[in-house]
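The values are calculated or read from the model by the stated rules, or taken from the named source; none is laboratory data. Model, not experiment: these values are computed from the prediction. Heads up, the Cβs are rebuilt from the backbone with ideal geometry, glycines too, and the neighbour counts pull from every protein chain shown. To get the accessible areas, we keep the full protein, side chains included, count just its heavy atoms, and leave off ligands, DNA and RNA. Shrake-Rupley method; radii C 1.70, N 1.55, O 1.52, S 1.80 Å.
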Amino acid sequence: MKRRIGILTSGGDCPGLNAAIRGVARAAYEMFEDVEIVGIQDGYRGLIEGEWQEMKRSQFSGILTLGGTILGTARTPFRNMRVIEDDKVDKVKAMKENYEKMKLDCLVTLGGNGTHKTANLLSEEGLNVIGLPKTIDNDIYGTDFTFGFHTAVDIATDVIDRIHTTAASHGRCMVIEIMGNKAGWLTLYSGLAGGADVVLLPEIPYDIKEVAKVVETRAKSKKAFSILAVAEGAMDKKEAKMKRKERDALRAEKGFNGIANRVAKELSDLVGVEARAVVPGHVQRGGSPSAYDRVLSTQFGVHAAQLIAREEYGVTVALVGNTITHNKLSEIAGVPKLVPQDHQMVQVAKDMGISFGD
C-alpha cells in the first residue's frame, strides 16, 4: 500500500506541533509499505505558492520535545481565501493545483479555528483532508482539549506563581494578562491553578466596581496583596453591549494600552492600591511541550495516520473523554468553543471565593 501525505502547520505556533508531525510520520512509516511525506512550508501560504519538500525519515527524529514547528507557519486568514487581491492569485485554485502537482493522496493540516475553516473549504473542493486541533486557547469545538493548551496552562500558572511572591513581598495588586482574545479557557485554568483572587474572562463581562470591592475587602482584611488573572479579550459590561468597531473606537479614544494596564490603572484610581500590570505575552506559546501535550499530540498524529489507512477524510481528530476520535470538518469548522457562564470550572472557582467581577 502506497501513500503520499502532505503536512502543513498554519496559524500561531504552539508546543506540540512537532510531536504531532512526528506522530503522523512515525505511524505512517509503520503502517504503509511505501510512504512519502511532503512537508509544506509556512502553512497555507506554502500550499498557495508551491513551497514544499519531500521529507526524509531522519527529519522526524529528535523533534518530540522541540517547540515551534519544523515546517514553519504563517497566518493566512480564512476570510481572504476566496478574495483575489493585488497579486491576482486565486488562492483556492492555486492550492488545488499544487495539491495535484505534489501528487498527494491526502493533506494533514495542523492548526486552530482558521486553519480548520480552510481545511473544510479544501475538503468541500474535493481534496482529501484531515485536521489536527492545536491552539493554546482550547477553543476548537468537538474536542475536550487541543494540544498546546496544557503546556500554556503550565507556563501561565508558573507566571502567576512567581508573581505571587513579589506581590506578597511588596503588598501590591498584580494584574496578569493571559492570552485568549475570544475564549477564556487558558485564563480560567491557570487562574484557578495559580490561586488568583479575581479571574476576568471574555465570556463573562465584568464590572470594575465589583473587582474593586474584592481588592478593597482583601486590603481591609490585612491581606496586603491581590492577584488578578485577566484574559486579553476581557471586557466590561458596557463594552459587551457594543459592536467590535465601537468597542475598539472607545478604547482608542481613552488610550487603553491592553486590558491589564487598563484594569491596574482603574483599580489604582478606585481603591488607591499600588497596582501593577504583567504581560507575559508570547512566552505562553513558546518552549518545549509538557509531557501531557507530547502524549496527546502523539495520539492525535497516530489517529490521523489510522484515518489515512482507512481513507477516511473530511474529518478532524478530537479527544472526547478518554477516547481519541474524530469529527466531521463540516460540523466543527467555524464553531468556537467558549467558556459557558455556568461551566463547572466557573462554579468551582466561585465556590472557592474567586470573583469574576460579574
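A few notes on this one:
- For the range 83-105, the count of residues that are among the aromatic types (Phe, Trp, Tyr) and in contact (Cβ under 8 Å) with a residue 40 or more places away in the chain is at least one.
- Identification of helices (runs of 4 or more DSSP H) wholly contained in the range 175-288 with 3 or more residues that are surrounded by fewer than 20 Cβ atoms within 10 Å (Cβ to Cβ) yields 208-220, 237-240, 244-254, 259-271.
- Sole residue being more than 20 Å from the chain's Cα centre (by Cα) and either closer than 19 Å to residue 180 by Cα or open to solvent by less than 20 Å² (accessible area, probe 1.4 Å) (or both), chosen from 353, 314: 314
- Pick from the range 229-251, criterion small (Gly, Ala, Ser) and closer than 25 Å to residue 349 by Cα, ranking: modelled with the lowest pLDDT: 240
- If you filter the range 161-174 down to residues that are surrounded by 15 or more Cβ atoms within 10 Å (Cβ to Cβ) and among the hydrophobic types (A, V, I, L, M, F, W, C), you find that the one that is modelled with the lowest pLDDT is 167.
- For the range 300-358, a residue qualifies if it is of a type in the set (D, E, K, R) and on the phi > 0 side of the Ramachandran plot, and exactly one does: 311.
- Segments classed as helices (runs of 4 or more DSSP H), wholly inside the range 10-125, with at least 2 members that are under 21 Å from the mean Cα position of the chain (by Cα): 17-31, 43-49, 113-124
- Enumeration of residues in the range 44-69 that are β-branched (Val, Ile, Thr) and more than 19 Å from residue 291 (Cα to Cα): 48
- Residue pairs meeting the criteria (Cβ under 7 Å; at least 6 apart or on separate chains; first farther than 20 Å from residue 147 by Cβ, in the range 274-287; second assigned to a helix (DSSP H, G or I) and not aliphatic (A, V, I, L, M)): 275/268; 277/261
- Evaluation of residue 319 against the conditions (1) over 30 Å from residue 172 (Cα atoms); (2) assigned to a loop (DSSP other than H, G, I, E, B) shows that the sole unmet condition is (2).
- All positions within the range 242-271 that are closer than 17 Å to residue 210 by Cβ and either touching a helix residue (DSSP H, G or I) at 6+ places or on another chain (Cβ under 9 Å) or of a type in the set (Asp, Glu) (or both): 262, 263, 266, 267, 269, 270, 271
- Scanning the range 324-358 for residues that are among the basic types (Lys, Arg) and farther than 30 Å from residue 20 by Cβ yields one hit, 350.
- Of all residues in the range 322-351, those satisfying the criterion of being in a strand (DSSP E or B) and either under 30 Å from residue 4 (Cα atoms) or at pLDDT 95 or above (or both) are 323, 324, 325, 326, 327, 328.
- Residue 34 fulfils the conditions (1) buried (at least 19 other Cβ atoms within 10 Å of the Cβ); (2) farther than 30 Å from residue 281 by Cα; (3) not hydroxyl-bearing (Ser, Thr, Tyr) except for a single criterion, (1).
- Flag for residue 39 being open to solvent by less than 60 Å² (accessible area, probe 1.4 Å), touching a residue at least 60 places away in the same chain (Cβ under 8 Å) and either of a type in the set (A, V, I, L, M, F, W, C) or closer than 30 Å to residue 283 by Cα (or both): no
- Count of the range 106-120 residues which are farther than 17 Å from residue 300 by Cα and either small (Gly, Ala, Ser) or without any contact (Cβ under 8 Å) to a residue 60 or more places away in the chain (or both): 1
- Among the candidates 260, 264, residue that is closer than 25 Å to residue 337 by Cβ and at pLDDT 90 or above: 260
- Pairing residues of the range 218-237 that are closer than 21 Å to residue 169 by Cα with residues that are open to solvent by 70 Å² or more (accessible area, probe 1.4 Å) and outside any loop (DSSP other than H, G, I, E, B), at Cβ distances under 9 Å and at least 6 apart in sequence or on separate chains, gives 223/217; 224/170; 225/169; 225/170.
- Taken over the range 252-267, the criterion of being more than 23 Å from the chain's Cα centre (by Cα) and free of Cβ contacts under 8 Å to residues at least 12 places away in the same chain is satisfied by 252, 253, 254, 255, 256, 262, 265.
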